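The values are calculated or read from the model by the stated rules, or taken from the named source; none is laboratory data. Because the structure is predicted, anything quoted here is derived from the model rather than measured. Virtual Cβ from ideal backbone geometry, glycine too; neighbours counted across all protein chains shown.
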Amino acid sequence: MAKRSLALQLDEAVLAMLVALPARPEETPHRELPALLKIARELRLLPRAEFREGLRTDLQRRTRMSEGAAAQTKDLREVHYMRPGLTAITPYIIARPAARLIEFLKSAFDGIEQLRMPAPDGSIMHAAVAIGNGAIELSDGNEAYPSAPAAVHLYVEDADVTYERAMLAGATSIAPVANQHWGDRWGAVKDPFGNHWYIAKPGWTPGPEGVRSVQPFLHLREAHKLIPFLEAAFGAESLGVAKSPEGTVLHGTIRIGNATLEIDEAYGEIQPMPSHLHVYVPDTDAAYARALEAGATSIEAPQDKPYGDRSAGVKDAWGNSWFIATHLGTK
Amino acid sequence: MRGGTPEGEDRTEQALVAAAQNDPAKFDALYELHFERVYAFVASRARDRATAEDVTSAVFHKALEHLPKYEWRGVPFAAWLLRIAANAIVDQAKRERRESPLEDDSREGDANGILHGSQMRGEELRAIEHRARLFRLVGELPEPQKQVIFERFVEQRSIAEIAGRLGKTAGAIKQLQLRAVQRLRTQMEGRHG
């Protein structure tokens, strides 16, 4: 195989690094590559130029007038578009009773309840449970949003222990934990609500930021067609898609912002599970418009929400709902 | 650099601090000198960018507020700032715990770790200086290279998106990315930090 250019080698390694995935080993790595990657790893922490300038202006203003500085600082830090604690993609699971699913997530996966907002009737309108460096959002739903089980891929420290704990917490086995040909130690369970949890310990060395603990997994018919939709709507990027000779997606990892989701072609017992996903983007209005242009239907036009997000909703051709949001501030 | 500031820079900095103590409007020069250093330290310990920005912002506001109390007793201004930063990180961790009362105590260890970490070792200081210098060098890159680095690493945009925004091909963006990283490497290795 011809040696690939250094620009390509570097880009592929950077891409893997940005989402903390293992880089595909280069067959003939360029000798300069390791030194360049060392620089690239540091660049991930680079401060935003707007923040540097904004804080400077803010401090200058404060030296001129001592009052009101606090409010300006607040405006400044609210520029970032993702709600703290959430990544760019979070599975949103609707389950009844959601309170029991929260208990399951705590017992099985060491979930930490971050938020629980009750509805007037005592049901859960919205809740968030952190798992590792990611989160699951959930709700009891309502008539418009009936229960919708999802499939989620979790990266954990010890797949065997987590699998056992999930079974003790009431799950049933889909596949016992075993070493897989792609290198991970992997097993799968179904919780009492029908959600699939793919539990894996990576068989590769993650980057300094670690692995993404939570990744939604979409089983789809004609899965390959979802990729151009996500690229158009959310500026997504596919990170390696394995296809069969017939062009069926055997497995694909797709990045949006700082997070990833996985897809494959539904077959056999693994059938599509139309899911809800919460995505954070820099500009909700633009992403909403692009999603509609790419064939989605509107659930809700963009609007500012009282909890400090600008948000919109669309449904894709597979029946998945995408809640698009841009964080405006917490207060 | 050996984990501290060379003596000549010490004197210049001492003059800058004295000037800012007399006239707070001159704090700007200290901000310019130390922004990357403080950010590099905070970002390496914060869990995400939003937190790193919150904490960095708090550090400089606190530094400005307490500047009249700062005395030059052989403690470089940079070390004083980093001490404020270490405390701000602890405060942030405590605030997060208060905001998530349902959380268990597993983060206690982190907060303590940071407290102990405020006694920074030379190795860590060198790593901070190294990263801060890299951040400054990015600011000096030629325009298209600088934009590609910010869009790729900070905004985390895809190559295709950046190509669209800059009106270039994906191949050209990958070349710009390579040239930028190569240039940074040469500059970083040119002067041993």
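What to note about this one:
- Filter result for the condition that a residue is of a type in the set (Lys, Arg), more than 7 Å from chain A (Cβ to nearest Cβ) and either over 23 Å from A:Ile254 (Cβ atoms) or surrounded by 18 or more Cβ atoms within 10 Å (Cβ to Cβ) (or both), over B:Arg165, B:Arg133, B:Arg185, B:Arg157: B:Arg133
- From A:Ala144, A:Ala175, residue being exposed (fewer than 14 other Cβ atoms within 10 Å of the Cβ) and in a strand (DSSP E or B): A:Ala175
- Failed item in (1) at pLDDT below 65; (2) exposed (fewer than 13 other Cβ atoms within 10 Å of the Cβ); (3) not small (Gly, Ala, Ser), with B:Val75 passing the rest: (1)
- Taking the stretch A:286-331 and the strands (runs of 3 or more DSSP E) fully enclosed by it, the elements with 1 or more residues that are charged (D, E, K, R) are at A:297-304, A:309-315.
- Unique match (being out of contact with any Cys (no Cβ under 9 Å at 6 or more places or on another chain) and at pLDDT below 85) among B:Glu7, B:Glu36: B:Glu7
- The set of residues in the stretch B:171-180 that are within 25 Å of the chain's Cα centre (by Cα) and in contact (Cβ under 8 Å) with a residue 24 or more places away in the chain comprises B:Leu176, B:Gln177, B:Arg179, B:Ala180.
- Scan the stretch B:44-71 for residues that are touching a residue at least 40 places away in the same chain (Cβ under 8 Å) and not charged (D, E, K, R) and the total you get is 7.
- Of the residues making up the stretch A:17-59, those that are facing chain B (nearest Cβ under 10 Å) and in contact with a Phe, Trp or Tyr (Cβ under 9 Å, 6 or more places away or on another chain) number 16.
- Tally, over the stretch A:8-42, of residues that are β-branched (Val, Ile, Thr) and in contact (Cβ under 8 Å) with a residue 60 or more places away in the chain: 1
- For the stretch A:104-148, filtering for residues that are in contact (Cβ under 8 Å) with a residue 24 or more places away in the chain and either within 20 Å of A:Leu86 (Cα to Cα) or not polar (S, T, N, Q) (or both) leaves 25.
- Residue in the stretch A:192-202 that is touching a strand residue (DSSP E or B) at 6+ places or on another chain (Cβ under 6 Å), basic (Lys, Arg) and under 24 Å from A:Thr87 (Cα atoms) present: yes
Yes/no per residue for (1) touching a strand residue (DSSP E or B) at 6+ places or on another chain (Cβ under 9 Å); (2) buried (at least 22 other Cβ atoms within 10 Å of the Cβ); (3) over 27 Å from B:Glu151 (Cα atoms):
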site	(1), (2), (3)
A:Gly252	yes, yes, no
A:Leu261	yes, yes, no
A:Glu265	yes, no, yes
A:Ala312	yes, yes, no
A:Trp318	yes, no, yes
A:Ala325	yes, yes, no
A:Leu328	yes, no, no
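- Residue among A:Pro228, A:Pro216, A:Pro282, A:Pro274 that is in contact with a Gly (Cβ under 7 Å, 6 or more places away or on another chain) and either among the β-branched types (Val, Ile, Thr) or touching a residue at least 60 places away in the same chain (Cβ under 8 Å) (or both): A:Pro274
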